[in-house]
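To keep things clear, I will list the structure first and then write my remarks on it.
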Amino acid sequence: MKGLSLLPDLLVANVNELDEKFYKEYGIKAVVFDIDNTLVAHTEPQPPQNVLSYFEFLKSIGIKYAIVSNNSKDRVESFCKNLGVPYYYKALKPRKKYLKKVLADLDADAKSAALVGDQLFTDILGGNRMKMLSVLVTAVGEDETSFVSFKRKFEKRILQKNMHKLKEYKPQ
Ligand SMILES: [Mg+2]
């Protein structure tokens, strides 16, 4: 049952690996990103050039995108203010409320949308509950809090146990 699963539909080494072929192959027209340890380390206040270039790439191939983060207003606003795309902070993923809102903002269906994040209990579970394509990135940078480090131990165990079920996306 996908809706209750902590397992991602796909693993990817980092966001940049999600190339044009990925969007075509999986029929993805809109993508919702987590920020911390997904796009950047949690210590990076603003999107660096590689993230901005990736967003330009998405625009160039007609993929809509947005940000949904569980982090604070200050952190998320400082990161997103110049991006010109929808964003939500304190989103309480895996709750569906803000994921529903962001899909409405993007005028996207869940089945043609992906959620890209680094945590099973928030991002992946949230994406699966929404019936979006859930994509787990290998975390970027250090864990933001000791609670996150604590959760990662469980996440690792879950992923290791289910390695045979997991599928990795790699650009050719
Ligand atoms: Mg994160």
Selected residue [within 30 Å of Gln160 (Cα to Cα) and more than 16 Å from the ligand (Cβ to nearest atom)] from Asn16, Asn71: Asn16
The lone exception for Tyr65 - which of (1) in contact with a strand residue (DSSP E or B) (Cβ under 8 Å, 6 or more places away or on another chain); (2) hydroxyl-bearing (Ser, Thr, Tyr); (3) assigned to a helix (DSSP H, G or I) it fails: (3)
Matching residues in segment 22-47 - criterion: being surrounded by 15 or more Cβ atoms within 10 Å (Cβ to Cβ), part of a loop (DSSP other than H, G, I, E, B) and away from the ligand (no atom under 16 Å from the Cβ): Tyr26, Ile28, Lys29
Of all residues making up segment 91-123, the number that are in contact with a Gly (Cβ under 6 Å, 6 or more places away or on another chain), closer than 17 Å to Val12 by Cα and part of a helix (DSSP H, G or I): 1
Of the criteria (1) within 14 Å of the ligand (Cβ to nearest atom); (2) in contact with a Pro (Cβ under 9 Å, 6 or more places away or on another chain), which one Val102 fails: (1)
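Just one of Phe150, Phe121 is aromatic (Phe, Trp, Tyr), surrounded by fewer than 18 Cβ atoms within 10 Å (Cβ to Cβ) and away from the ligand (no atom under 14 Å from the Cβ); which is it? Step through it out loud before you land on a result.
Numbers: Phe121 fails: away from the ligand (no atom under 14 Å from the Cβ).
Result of the check over Phe150, Phe121: Phe150.
Computed from the coordinates by the stated procedures, all read-outs in this text should not be read as laboratory data. Note that this is a predicted model, so its numbers are computed, not measured. Here Cβ is always computed from backbone atoms with ideal geometry, including for glycine, and neighbour counts include all displayed protein chains.
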